[in-house]
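Chemist: Here it is: the structure, laid out below.
Each reported figure results from applying straightforward, stated rules to the coordinates on display, with no laboratory input. For clarity, every value in this text was computed on a predicted model and none was experimentally measured. Methodologically, a virtual Cβ is constructed for each residue, glycine included, from the backbone with ideal geometry; neighbour enumeration extends over all protein chains shown.
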Amino acid sequence: MKTQTEIEDALLRLIGKLSGKLPDSQLTILREFIQHGEPGLALETLCSHLVEDDIPVTHEIYSEMKRADDCMNLQISELNDIKIMNA
């Protein structure tokens, strides 16, 4: 089981990998959620943006999101709706 800090650090790295796929303003909000101790809200919001804006992610990014979801026991249903890019 990862600590809160490890989960937050992993999410911040993940958000960095999404630079250019989402508007900077959305990425800033996600970082602020994490900085204020709300990594679950950040991940849930990220999933919503990706689904609503129909933005595909790599398998690697999806796997990282799924691991974070599992670590926080969130079971975010929108994870199943995220499109994964073909390799």
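Chemist: What order do you get for 27, 50, 12 when you list them from fewest to most C-beta neighbours inside 10 Å?
Modeler: The order, fewest Cβ neighbours first, is 12, 27, 50.
Chemist: For the stretch 1-26 and the stretch 29-87, what is the centre-to-centre distance using only Cα atoms, to the nearest Å?
Modeler: 9 Å
Chemist: Further, regarding this structure: Order these by the 10 Å Cβ neighbour count, fewest first: 13, 67. Write out the running numbers ahead of the final one.
Modeler: Details: 13 10, 67 14.
Fewest to most other Cβ atoms nearby, the residues stand as 13, 67.
Chemist: What is the local net charge at residue 35, summed over the other residues whose Cβ is closer than 13 Å to its Cβ (Lys, Arg +1; Asp, Glu -1)?
Modeler: Net charge in that neighbourhood comes out at -3.
Chemist: Using every pair of alpha-carbon atoms in the chain, split the distances into 5 Å bins beginning at 0 and state the percent of pairs per bin, rounded to integers.
Modeler: Result returned by the calculation: 3, 15, 29, 29, 18, 6, 1, 0.
Chemist: Dipole size in debye (nearest 20) for the chain around its Cα centre, Lys and Arg Cβ +1, Asp and Glu Cβ -1?
Modeler: So the magnitude is around 260 debye.
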